[in-house]
Ligand code: ADP
């Protein structure tokens, strides 16, 4: 009797920790944020482009079902074709892209319940013909909801990067995000402080949202602090044009910061 119980427990435990890898990629890295508007999608797209500039094969999965950003940020307005029951990602800037925004009209409100979100995520991870990628970068929706749970429990995530701005209010939610990923055994690669300061005309640094908060939070939770990205109006400008700064101006100081992040990630996962 007790043996039966043990084997059932073992089987259910195994099942719980069996996570599906996304076919067609070596590694899957999620970009998450506690709040909306902190620059998560901007980070995900520019990081993907910087990794591509290092010669890697990259996919971008926009998992923000409710508010997809990729159609705008990459200026994509075509629908993906399907072949043998699988969606073919759209190739833009030499990156394989999928977003719910490719499948719906721009103005359609996304009124989706939990199980529908789960099934959309399954489609994007199991029914897309991702082809021979080194990394898929997943742009998560903000917060700690159904998408994060589905990914963390069912998909093999190799790591997550948490993007935040330095305000106290954002940091409160970052702590919740860290607790969630820790609890779900997802490796947190580190935290990024976006829009941390800007250089005034006088050449001085202005920390308008407070200073050092993201770094302090990293230290408090013993996570790596990956670095800061200053506020720079060019970032928003090129995002709005549908050709992010790393693609438009690869030598810009902001693009160089992204390249450093990309190099760090490449080094941690790929040996050569
Ligand atoms: P999220 O995905 O977290 O909702 P977005 O990536 O859409 O945030 O960014 C929100 C806004 O902030 C956008 O207008 C974007 O261009 C702008 N933004 C992001 N990062 C920076 C930055 N480093 N400097 C200036 N503007 C930025």
Query raised in the report: With (1) part of a strand (DSSP E or B); (2) away from the ligand (no atom under 16 Å from the Cβ); (3) in contact with a helix residue (DSSP H, G or I) (Cβ under 8 Å, 6 or more places away or on another chain) as the list, and residue 175 as the residue in question, which single condition is left unmet?
Result: (1)
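Okay, residues lined up against (1) touching a residue at least 24 places away in the same chain (Cβ under 8 Å); (2) within 12 Å of the ligand (Cβ to nearest atom); (3) in a loop (DSSP other than H, G, I, E, B); (4) within 14 Å of residue 144 (Cα to Cα):
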position: 181; (1), (2), (3), (4): yes, no, no, yes
position: 189; (1), (2), (3), (4): yes, no, no, no
position: 193; (1), (2), (3), (4): yes, yes, no, no
position: 202; (1), (2), (3), (4): no, no, yes, no
position: 209; (1), (2), (3), (4): yes, yes, yes, no
position: 218; (1), (2), (3), (4): yes, no, no, no
Query raised in the report: Could you list, in sequence order, the residues of the stretch 40-63 that are outside any helix (DSSP H, G or I) and surrounded by fewer than 23 Cβ atoms within 10 Å (Cβ to Cβ)?
Result: 54, 55, 56, 57
**Report entry** Residue count, the stretch 220-248 (criterion: in a loop (DSSP other than H, G, I, E, B) and more than 8 Å from the ligand (Cβ to nearest atom))
**Finding:** 8
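No lab work stands behind these numbers, since they all come straight from the coordinates. Please read all numbers here as calculations on a predicted model, not as lab measurements. Virtual Cβ from ideal backbone geometry, glycine too; neighbours counted across all protein chains shown.
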